[in-house]
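Step one of this worksheet: look at the structure below.
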């Protein structure tokens, strides 16, 4: 069969993916070979098309709409995994999940497509989580072709806008205003609409056009755009389940969004922490909401008194400014099943944080938590000679984190504005496997010794920040510390020396050192670690670059230097 593919790599890979999911028997493989050889006896130019079509035809019924959906995205587009899975759920592709979470089932579907070589894993996080996928151009063409036959979706570019159609799902790869002014399509049946063209602005008459024509829309996505307003008429989309607006500039979400009772996912914009999005506090009215995601941060407004309703379906709240409204909802236990939670600490919740962290102990599904501590420039911070007291709501670092240590379900923890947290022994949650501390100003032996005693920690990120002032420091990993650590990252740290004592980081596999300009050497003990697989150093100092250039390491370890 490989020989019949006539040397076409994609055909061989996809065919192998097809066979991998067949029974390992002569009967099954002979049946496949019979189909392949009959098709391949046709015109040679059709080899690749025949193999790809055969692979699609052999997909289980549950996977076919998920695969075809990938044709909605532009050629060579990097498709973010989490929003994709959430769209599959909103579209109704994930059925018969039983007691399992639909997002988890959707992830299984994606990995099945990867195992069949129909989808490429484009980017993976250091913890192994898939972040971005990509689809080969020929497979994308197959998705579009099959979708036209089955009327699954239509893709419009500048070249085919004038072709009349009546699509159920519509993906626009031209500018939004150009499509609106040029198209004469009947949009009365559109259930899903994607604007994925070049950067554009959503004007008031664009919104009017959408409200007049998209009466039945369930999934609505605006790619990167310059929109600065969500109109109150958004409530007209009464069937809407999924809303994604990728804009830096939307400052306000109207109260009328609370009338969209079917909403499952709200995704608002790429990160821009300095400009929070104002959102109505009576969020519990969105009973079906599963994911509220705004990397720019969400600041709740208005009254949230008078109701103790729970949001049983809510899994993601990322990221909330801890004002009086957010504090009240957390105290009431409004998000009992939340799995991923982000909190931005401000002066408004001074004195409340330790109690709030205790309330988080009641969230038995919470496994990922982000806490951004008060910034040194927070207007509510008064002068104090002890910086940890000054910034952490009048508490020392260890007092703040004592409550964190009781969050037994937590496996992923990120603390922003950590500053001097690693100058004392800290009590992190016992089951944390991935820890990120950012905006670090200084580290001492007591802090590292406390951190190194956490026996389940596998991924550690220590991140500084460019404007950091103060003396450089030594990162000293004591004897036998970090026994399960597999990945360590240091970035923009003022570390001048890194020490590894006997038995420290014995399971280490990957090291990433980025922009640590004061670090001129790496510990000799590092190179003797038997499991070490990759060391990546970006923007090393002159002395570090010279040392690495003359280094001889064992063949099992890859050294990557990026200047």
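Each reported figure results from applying straightforward, stated rules to the coordinates on display, with no laboratory input. Note that the structure is predicted; figures quoted are calculated from it, not measured. Positions of Cβ are backbone-derived with ideal geometry, glycine not excepted, and every protein chain shown enters the neighbour counts.
Annotations
- Residues 177, 129 in ascending order of nearby Cβ atoms (within 10 Å, fewest first): 129, 177.
- Kirkwood hydrodynamic radius of region 240-287, from inverse mean 1/r over distinct Cα pairs, in Å: 11.5
- Over region 167-258, relative contact order from alpha-carbon pairs under 8 Å, at least 6 apart, %: 25
- Within the chain, helix-based [θ] at 222 nm, where runs of 4 or more DSSP H residues each add -39,500 (n - 2.57), nearest 500: -7500 deg cm²/dmol
- Going by neighbour counts of Cβ atoms within 10 Å, the residues 291, 248 line up, fewest first, as 248, 291.
- Sorting 189, 349 from the fewest to the most surrounding beta carbons within 10 angstrom yields 189, 349.
- Taking every Cα-Cα distance in the chain and sorting them into 10 Å bins starting at zero, the pair-distance distribution P(r) comes out as 3, 15, 22, 23, 20, 12, 4, 0, 0 percent.
- For the chain, averaging the sequence separation of C-alpha pairs within contact (under 8 Å, six or more residues apart) and dividing by the residue count gives a relative contact order of 5 percent.
- Considering all different alpha carbon pairs of region 58-174, the Kirkwood hydrodynamic radius works out to 15.0 Å.
- For region 135-192, the gyration tensor built on C-alpha atoms gives an oblate shape. Its axis ratio a/c (a ≥ b ≥ c) is at least 1.5, and a/b is not larger than b/c.
- Cα gyration tensor, region 280-334 - rounded (a/c under 1.5), prolate or oblate: oblate
- Rough spin-label spacing in nm, given labels placed 7 Å along Cα→Cβ, for residue 337 and residue 287: 1.4
- For region 169-284, the alpha carbon positions stretch 40, 28, 20 Å along the principal axes, listed from largest to smallest.
- Stokes-Einstein diffusion for region 472-563, with the hydrodynamic radius set to the Kirkwood value over Cα pairs and evaluated at 37 °C in a medium of 0.692 mPa s, equals 248 µm²/s.
- Potential extension, residue 78-residue 168 segment - 0.36 nm per residue separation minus Cα distance: 30.0 nm
- Residues residue 127 and residue 309, FRET efficiency given R0 of 56 Å [Cβ-Cβ distance, rounded to 0.05]: 0.95
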